[in-house]
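S.K.: First the structure, then my questions, so here it is.
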Amino acid sequence: MPDTPFAPVILGNEPGSFPHSVLAERHPAIIRQVRDAFPYGPGQHRALDELLKSCTQGTIEPLPDGAPDRGRWLDWSLSDHTGRSWYDVPWLWSESYFYRRLLDAVGFFGPGPWQGVDPFRPAKRAELDAPETDEELAALDGLRDLPEQERARALLHGSLWGNRADLGFRLSAAGAEAQEPAPALVADDSDTLWSLLPPDGAGTLVLVADNAGRELVPDLLLIAHLLAEGRTARAVLHVKPHPYYVSDATTADMADALRRLRAAGGAAADHARVLWSAMTDGRLTVRAHPFSCAPLPYAGMPDDLRAEFAAATLTIVKGDLNYRRLVGDRRWPPTTPFREATAYFPGPVAALRTLKSDVITGLSAATEAALVAAEGQRWRTSGTHALIQTDPSGQTHPQ
Ligand SMILES: O=P(O)(O)OC[C@@]1(O)O[C@H](CO)[C@@H](O)[C@@H]1O
């Protein structure tokens, strides 16, 4: 990435914009949802009242003394943003801090009886247990007799479109789920992606997961396929170290999804066996790195994570939020080459994302023009378009 990117960082302070609506409407709705999720006590309700007031009308406050991650947040610019309106700091930062404070309010970080209780768990469980999940898993049996390449492609698309299953998104985009799936890929670098995962792959695939439930299930199926077919020797699944953006996957969600696959029978259970045994012998590992919940773009990743991505044959980055973090949460001209925005990334990287926020790179001028002609700017946030973008070059990029 150029040292001084010319695209402005996205803030939430423009009334009528998507980021503003997230801060002004989605966050209060999430607080309401959390209040309903568990029989919290008066202290938790008071803390939620205070958070509601702070995040809609107030300013950013420091973390409480003794917060286990206070030092980390200070490194992540907390002091610079303290005292400022939630709307006036980078939107990515503001949203991330909202989830951090929400967890405080319900006692997630303890000490106390609510320590470690995920406030979003009921919503995530309901989705995983929904009949639609059964239907999707049963459909897997129909793939069994297809040639490997077709199965691989179907599973890649399952993982891609699984990103529409985002519980936070549904809070503010009622109806998006009900629409016909828009098949339109606004960018499709899948051939390059597959070239990095050849049938005799000896390397490591890293998949940076996004949502639990109906997104994580197809992500796991894709990993199972790649391991079983020898397209990768090892895989690392990055999940969040704590609940985040409502539906983001944690280790507990991964375990729930895997148990769900195992219980489904048929091809789903076959995939579960592959994953279970790969976890047992270490070919599949799970990581919950603190930076996965950082309010910063990946360009600011710490050295250990950089080394991990550098060593991978391919890193697949899932979802909208991870895309914002991958390319930088900025108002890029849409034709900015994806490879320019990811030039800092230390290894080959691919993004699988449905479009749910304003950020976009890597469109051809013709694609952008067609989208604008058909929908104005709505295509950016409607969740009905998707992309597969690949930057195979890693460190060999000219910086
Ligand atoms: O990362 P995901 O699950 O695909 O999407 C996250 C999301 O719903 O939340 C953000 C707004 O809160 C947007 O980036 C996006 O719309």
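S.K.: When you check LEU371 against the structure, is it assigned to a helix (DSSP H, G or I), buried (at least 23 other Cβ atoms within 10 Å of the Cβ) and of a type outside the set (Gly, Ala, Ser), yes or no? Break it down stepwise before answering.
M.R.: On the way: assigned to a helix (DSSP H, G or I): yes; buried (at least 23 other Cβ atoms within 10 Å of the Cβ): no; of a type outside the set (Gly, Ala, Ser): yes.
Considered against the rule, which asks whether it is assigned to a helix (DSSP H, G or I), buried (at least 23 other Cβ atoms within 10 Å of the Cβ) and of a type outside the set (Gly, Ala, Ser), LEU371 comes out as no.
S.K.: With the condition being more than 16 Å from the ligand (Cβ to nearest atom) and touching a residue at least 24 places away in the same chain (Cβ under 8 Å), I'd like the helices (runs of 4 or more DSSP H) fully within the stretch 8-75 carrying at least 1 qualifying residues.
M.R.: Filter on the stretch 8-75 gives 27-37, 42-57, 70-75.
S.K.: For the stretch 200-212, indicate whether the set of residues that are out of contact with any Pro (no Cβ under 7 Å at 6 or more places or on another chain), of a type in the set (Asp, Glu) and surrounded by fewer than 20 Cβ atoms within 10 Å (Cβ to Cβ) is non-empty. Can you show your working first?
M.R.: Taking the stretch 200-212 first, the residues out of contact with any Pro (no Cβ under 7 Å at 6 or more places or on another chain) are 200-212.
Next, only the ones that are of a type in the set (Asp, Glu) stay: 200, 210.
From what's left, surrounded by fewer than 20 Cβ atoms within 10 Å (Cβ to Cβ): 200.
Looking through the stretch 200-212, at least one residue is out of contact with any Pro (no Cβ under 7 Å at 6 or more places or on another chain), of a type in the set (Asp, Glu) and surrounded by fewer than 20 Cβ atoms within 10 Å (Cβ to Cβ).
S.K.: Of all residues being within 16 Å of the ligand (Cβ to nearest atom) and of a type in the set (D, E, K, R) in the stretch 224-281, which is surrounded by the most Cβ atoms within 10 Å (Cβ to Cβ)? Just the residue, please.
M.R.: For the stretch 224-281, the residue satisfying everything is ASP248.
S.K.: Okay, moving on. If only one of TRP86, TRP93 is of a type in the set (Phe, Trp, Tyr), within 24 Å of ALA212 (Cβ to Cβ) and not assigned by TED's automatic domain parsing to the domain that holds GLY328, which one is it? It would help to see each step written out before you state the result.
M.R.: On the way: TRP86 fails: within 24 Å of ALA212 (Cβ to Cβ).
Sole residue among the options that is of a type in the set (Phe, Trp, Tyr), within 24 Å of ALA212 (Cβ to Cβ) and not assigned by TED's automatic domain parsing to the domain that holds GLY328: TRP93.
S.K.: Let me spell it out: the conditions are (1) more than 25 Å from TRP161 (Cβ to Cβ); (2) more than 13 Å from the ligand (Cβ to nearest atom); (3) at pLDDT 95 or above; (4) not polar (S, T, N, Q), and ALA365 meets all of them except one. Which number is the exception?
M.R.: Unmet condition: (3).
S.K.: Applying the selection to the stretch 296-305, what residues are more than 16 Å from the ligand (Cβ to nearest atom) and either in a strand (DSSP E or B) or over 20 Å from GLN389 (Cα atoms) (or both)?
M.R.: Selection gives GLY300, MET301, PRO302, ASP303, ASP304, LEU305.
S.K.: Among the residues in the stretch 381-388, are any surrounded by 15 or more Cβ atoms within 10 Å (Cβ to Cβ), within 20 Å of the chain's Cα centre (by Cα), under 15 Å from ALA184 (Cβ atoms) and away from the ligand (no atom under 14 Å from the Cβ)?
M.R.: Yes, the stretch 381-388 contains at least one residue that is surrounded by 15 or more Cβ atoms within 10 Å (Cβ to Cβ), within 20 Å of the chain's Cα centre (by Cα), under 15 Å from ALA184 (Cβ atoms) and away from the ligand (no atom under 14 Å from the Cβ).
The values are calculated or read from the model by the stated rules, or taken from the named source; none is laboratory data. Owing to the predicted nature of the structure, the values given are computational and were not obtained by experimental measurement. Cβ: placed from backbone, ideal geometry, glycine included. Neighbour counts: every protein chain shown.
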